[in-house]
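This report refers to the structure that appears directly beneath it.
Since every read-out is calculated from the coordinates, none of them should be taken as a lab result. Since the structure is predicted, the reported quantities are computational estimates derived from the model, not experimental observations. Ideal geometry is used to build each Cβ from the backbone, glycine not excepted, and the neighbour counts take in all protein chains shown.
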Amino acid sequence: MLGSCKIVALVATADGARARKFYEETLGLELVSEDMFAVVFRAGGTMLRVTKVPAPVIAPYAVLGWDVADITAVVSGLAPNGVVFQRYEGLAQDELGIWTTPDGAAKVAWFKDPDGNTLSLTQG
């Protein structure tokens, strides 16, 4: 029933203005609208609704990710904008913070938004 419907991605923020600046200016997403409930962006044809809440519950895993063609270029492009890529004990990450899966089929890098939500980039 939902297989042909578009997905809306959801993430929470305690500070709409700070989230808007990060997603719009730092990550370069297209702003669609903002109201008292959410800041809404478009990213590659998917709607991202950043919901304004008093205190976001932060998951201990990535809640939002992008499939990218060249992860090295994207990581290198985001780092000067202040994006800090996470390092995880036990994962062999390169100098940029990119981890390659054991089979070599994919590469992943993680970073956080201003509320502490973990976001990811994946190539492959």
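Couple of notes before you dig in:
- Neighbourhood net charge (13 Å Cβ-Cβ; Lys/Arg +1, Asp/Glu -1) for residue 15: +1
- The listed peptides 107-120, 20-33, 3-16, ordered by packing as a protection proxy, come out as 107-120, 20-33, 3-16 (highest mean of other Cβ atoms within 10 Å first).
- Spread of Cα-to-Cα distances over 5 Å intervals beginning at zero, given as percent, for the chain: 2, 10, 19, 22, 20, 14, 9, 3, 1, 0
- Sequentially through the range 6-12, phi angles give Karplus couplings (6.51, -1.76, 1.60; θ = phi - 60°) of 6, 8, 10, 7, 10, 8, 10 Hz, Gly and Pro residues having no value and appearing as x.
- Charge sum, other residues only, whose C-beta stays under 14 Å from residue 77's C-beta, Lys/Arg counted +1 and Asp/Glu -1: -2
- The range 8-123, relative contact order [Cα under 8 Å, separation at least 6], %: 27
- Charging the Cβ of each Asp and Glu at -1 and of each Lys and Arg at +1, and nothing else, the dipole of the chain about its Cα centre rounds to 280 debye.
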